[in-house]
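Just so it is clear, none of the values below were taken in a lab; they were calculated from the coordinates. Predicted, not measured: the structure shown is a model, and the values here were computed from it. Note: ideal-geometry Cβ built from the backbone for every residue, glycine included; neighbour counts use all protein chains shown.
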Amino acid sequence: MKQIFKVLIVLFIVFSSKLYAQSGWQTLPSGTTESILSVFFINPNVGYVTGTNGLVMKTYNGGDSWLKLKVSTNKTMEQCFFTNSTTGYIVGDSGLIFKTTDGGDSWNKLNTRIKWYLYSIFFTDDNTGYAVGWGGCMLKTTDAGDSWNPMNISNLNQINLNSLYSVFFYDNNNGFIVGQNGFIIYTYDGGTSWQLQNANFQNNLTSVFIPTPQMAFCCGMGGVIGSSTNNNANWISLNSSTYSDLFEIFFTDYNVGYACGGYGQIMKTKDNGITWNSFYSGTDNTLNDIFFVTNNVGIAVGDSGTIIKTVTAGE
């Protein structure tokens, strides 16, 4: 009898702790089973997600409900980025870049003159943007997407440029691109020139984020999380406390950051990346992207139509 009682106590503790862990993230109805690959919010109420099979959706109420938007493709829509409340861009399969100037009511296909898969897009202002993708593809626009031109990488000609998965700029001049096999390059002049970084990562790097001018963070396959040092001259590996693949990294300030990935994994740091702790997300589906609107309000998206939200900084 005592043994049964002990077992019941243990089960109660485990069940209670799981309920407590789930309280940090709430599952939202998405209305789709497509894999959701990207999320971007304009403000706490208005946001967008993109995904497989031409999926583009918009919310007006912080993610409580989602409206499917019409885009003239069934190709994968990999990532979205908005420069203001009405103007946004989506990159994806076969060199596609779509643009809206009316908050997603209509989307126009832009001419990139390429057919390579584009993984990431980032704008530093209303006119200047960057897109990167398969085969070392690096594009830049200075006219709000009317034209896209390959960036000058003459100083990298001796380097095998593999797939590039993420581009991020802190300001108009300073930016990073990361990609396959631990590849990292840095620009200090708005993409006029690029410098190969001293990094010892072997795994694919899937995301990069720059919370301050002096420090950047990246994440990747096999639980890799790294940070730049010496004013972005070198990179070091951090203890992520996980071996799960990580697909996106996002910081809300200098100290607090998040990374998401396989098996619903969400990692969080509160000390500028020194330590990372896992928080239960309430799903076992792969999480492909994470975005915080405020220090406390965040959205993560993933496979099988997964959308989860926190209003308590993930805890």
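Fewest neighbouring Cβ atoms within 10 Å first, the residues 50, 310 line up as 310, 50.
In this label model, residue 198 and residue 263 are separated by 3.6 nm, measuring between points 7 Å along each Cα→Cβ vector.
Which entries of 75/140; 58/268; 115/268; 99/309 have Cα-Cα distances beyond 32 Å here? Violating the 32 Å limit, Cα to Cα: 115/268. When you restrict to C-alpha pairs under 8 Å that are six or more residues apart and normalise by the size of the range 26-310, the relative contact order lands at 14 percent. By other beta-carbon atoms within 10 Å, ranking 153, 266, 274 with the fewest at the front produces 274, 153, 266. A full extension of the chain between residue 277 and residue 311 corresponds to an added length of 10.4 nm, given 0.36 nm per residue minus the alpha carbon distance.
Listed values for the range 186-197 are Karplus-derived 3J(HN,Hα) couplings in whole Hz (6.51 cos²θ - 1.76 cosθ + 1.60, θ = phi - 60°), namely 9, 10, 10, 10, x, x, 5, 9, 10, 10, 5, 8, and x replaces Gly and Pro.
Would you mind getting me the FRET efficiency between residue 26 and residue 270? Use the beta-carbon distance for r and R0 = 22 Å, nearest 0.05. E between residue 26 and residue 270, to the nearest 0.05, is 0.55. Sorting 315, 34, 78 by the number of Cβ atoms found within 10 Å of their own Cβ, with the fewest placed first, yields 315, 34, 78. Helix 2-22 axis versus longest C-alpha principal axis of the chain: approximately 30°, rounded to the nearest ten. Among the listed values (1) 19.8, 76; (2) 40.5, 154; (3) 26.3, 86, the one computed from these coordinates for Rg and Dmax of the Cα atoms in Å is (1). Of the trypsin sites (Lys or Arg not before Pro) in the range 81-184, the ones in a loop by DSSP (not H, G, I, E or B) with at most 14 other beta carbons within 10 Å are 113, 115. Taking the Cα centre of the range 26-310 as origin and assigning +1 to Lys and Arg Cβ atoms and -1 to Asp and Glu Cβ atoms, the resulting dipole is close to 320 debye.
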